[in-house]
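Rule-based calculations on the coordinates, nothing more; no lab input. Bear in mind the structure is a predicted one, so any value in this text is a computation, not a measurement. Reconstructed Cβ throughout: ideal geometry from the backbone, glycine too, with neighbour counts over all protein chains shown.
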Amino acid sequence: MANKGNKKRRQFSLEEKMKVVEAVDSGKRKGDVAKEFGTEKMRPLIVGRSANPRCLKNVHSLPCDYRANQQAWMTQDLFNEWLMQVDARMKQAERRILLLIDNCSAHNMLPRLERIQVGYLPSKCTAVLQPLNLGIIHTTKVLYRSHLLKQILLKLNSSEDQEKVDIKQAIDMIAVAWWSVKQSTVVKCWQKAGIIPVELIDSDAEAAASEPDVAIEKLWHSVAIATCVPNEINFQDFVTADDDLIISQELLDTEVIQDMVAGESTDEAGSEDEGEASLPQQSKVTITEAISSAQKLRWFLSTCVGVPDAIFGQLNGIDEYLMRRVTQTLVDSKITEFLQTK
């Protein structure tokens, strides 16, 4: 942030290496009541520069879809691949949807779609007509940056060595931020775009959409003081620091060839992001260690005052999933041992 105003020297290495594509459904199906408007969000698609980051080694499940190219751009091929996947899901669910998109270069040549009807927004009107640009993306960034501030504050108060945030951690924080965007925020942004009438938004939803809250501002103030951030930089500067980054552009022939060559080399040798080599590789966590961690978390929560029932409910879901995994592992191992004795 020390280089505010100097776009050539800004240092937002992780954010520049990852671009997020978000999609939010305006509702469920024709005939749904107004209160269900904005209840459905799709998994975010994150585009990074490293095809095989070291921190994603042995990672088989992510809360998002991850793709990569050397520029970390949304390209025509990536967008069409995503569209085909969405179209397949809509076909399986026997649904038809309207997708509103802008005139970005990645959207120029679309594949044949069965269940998606595409509508283009007027040129140069994205800032006033696209709901995502009217507050949804900004709210997601606010929530992501707040999680990032918490990570920084925890590390400042820890005796451990200060490590950079890796791609895996960033992906997790982005996903949490995206799923935490409130329905009321989505509804309000669709209304601001003039796509839905004001009558669909009640006063309670309007009040609930006020983000960020005071707690995030206090968090920023604490981190800013601890890290000696200049006084003229505020939390909103931190949130909007990467607003001018290029996220999509037509590739030159030479760049396409470079991407193809890079893709072949990463298939053979793997890939590392810039600066990632300095990060220690995370050791694999066993199912027993995961269960033990969940038990420790349950014990910690039991020592706290006023923990909501919903938190314990979420922890119960984690416990059930881990126990199903360990039970299945034991069953499979016993069957293998039985077959080996025959």
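For the pair A127 and R89, a Förster radius of 41 Å applied to the C-beta separation gives a FRET efficiency near 0.90, rounded to the nearest 0.05. Amide H contacts of L99: Q117, V118, G119, each under 5 Å away and 5 or more positions distant or on a separate chain (H built 1.01 Å from N in the peptide plane; Pro and chain starts excluded). When peptides 82-94, 48-60, 312-324 are ranked by their average number of other Cβ atoms within 10 Å per residue, the highest-first order is 48-60, 82-94, 312-324.
Show me 181-188, 223-230, 74-81 ranked by packing, highest mean number of other Cβ atoms within 10 Å first.
Numbers: 181-188: 21.9, 223-230: 13.2, 74-81: 18.6.
The densest-packed peptide leads the list: 181-188, 74-81, 223-230.
Our coupling estimate for segment 130-137, obtained by passing each phi through the Karplus curve with A = 6.51, B = -1.76, C = 1.60 and θ = phi - 60°, is 9, x, 4, 7, 9, x, 5, 5 Hz, Gly and Pro reported as x. Other residues with beta-carbon under 9 Å from the beta-carbon of W82 carry, at +1 per Lys or Arg and -1 per Asp or Glu, a net charge of -1.
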